[in-house]
Amino acid sequence: MNCYRYTNLKPILFTFRRCPYAIRARLAIKVSGVDVDMFEVSLRNKPQAMLDCSPKGTVPVLKLPHGAPLEQSLDIMHWALRQHDPEQWLSPDPAVQQQVQELIQQNDGPFKGHLDRYKYAERFPEHPASYYRAQGAAVLAQLDARIALHGFLCGEKPGLADMAIFPFVRQFAHVDKEWFHASEYKSLRAWLDLLLESSLFNSVMQK
Ligand SMILES: N[C@@H](CCC(=O)N[C@@H](CS)C(=O)NCC(=O)O)C(=O)O
């Protein structure tokens, strides 16, 4: 797909396969069935067409045929699900919406910070990796308790919070797979396995 094609009337998602923010955006686009062209970028050599529409240079970016681009993964999820939400990822219940928002804020804020320090511990030599891992694990423990109660983060079926958060838990698990598999977070591990084995996840990870 040529991202410079100015006649393109479909939205274009500038994406990066392994990026957890891009994964969550692709999951919502896929489940919604909204027709979007995907453009895989190299983060070392971002296409000018992407930078022209979003100078901040992060993925994902959704370039719309008309109107301002969407530069935040969560905005892209909401954009897709507002058009079609066949699996009811968006809850109509304001109390659940509030929980979802808090969980995602915790994920994108503190948890992402712990994840980056754990993953790139050599860049943060004030503490060993195990210190950052323990900080992240405190969040995993909370998620595990919620999943143990209902099966998913905010109820008995997957919703926005699960889909927005599991790509980050996947990264955390990948830092030291042995540690994660031996960890006490049994419900969280089963939840992650289920989502990783889903045809939805696998379809958005195809090369
Ligand atoms: N808040 C943004 C964060 C996106 C983000 O940080 N993406 C990373 C990749 S995972 C990125 O593009 N980093 C820029 C770079 O590596 O040059 C969102 O939710 O979309």
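Numbers for the structure displayed
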item: Fraction of accessible area attributable to carbon and sulfur, the chain (%, probe 1.4 Å); result: 51 percent
item: Net length gained if the chain between residue 148 and residue 48 were fully extended (0.36 nm per residue, minus Cα distance); result: 31.4 nm
item: Cross-link reach list, lysines versus residue 56, counting only Cα pairs under 17 Å and skipping chain neighbours closer than eight places; result: 46
item: For region 12-86: rounded, prolate or oblate by the Cα gyration tensor [a/c cutoff 1.5]; result: prolate
item: Euclidean distance between Cα centres, region 19-86 to region 149-183, Å; result: 23 Å
item: Extended-chain gain in nm, criterion 0.36 nm per residue less alpha-carbon gap, residue 34 and residue 197; result: 56.4 nm
item: Region 94-202 shape via C-alpha gyration tensor axes, a/c threshold 1.5; result: prolate
item: Gain upon complete extension [residue 10, residue 141; 0.36 nm per residue less C-alpha separation]; result: 43.0 nm
item: Of 30/207; 30/177; 30/63; 119/177; 10/63, those spanning more than 19 Å from alpha-carbon to alpha-carbon; result: 30/177
item: Relative contact order computed over the chain (Cα-Cα under 8 Å; 6+ residues apart), in percent; result: 21 percent
item: For the chain, calculated [θ]222 nm from helices alone, where every DSSP H run of n ≥ 4 adds -39500 (n - 2.57); result: -16500 deg cm²/dmol
item: Solvent exposure of the chain as accessible area per residue, Å², 1.4 Å probe; result: 53 Å²
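The values are calculated or read from the model by the stated rules, or taken from the named source; none is laboratory data. Bear in mind the structure is a predicted one, so any value in this text is a computation, not a measurement. Surface areas here come from the heavy atoms of the whole protein model, side chains and all, with no ligands, DNA or RNA. Shrake-Rupley method; radii C 1.70, N 1.55, O 1.52, S 1.80 Å.
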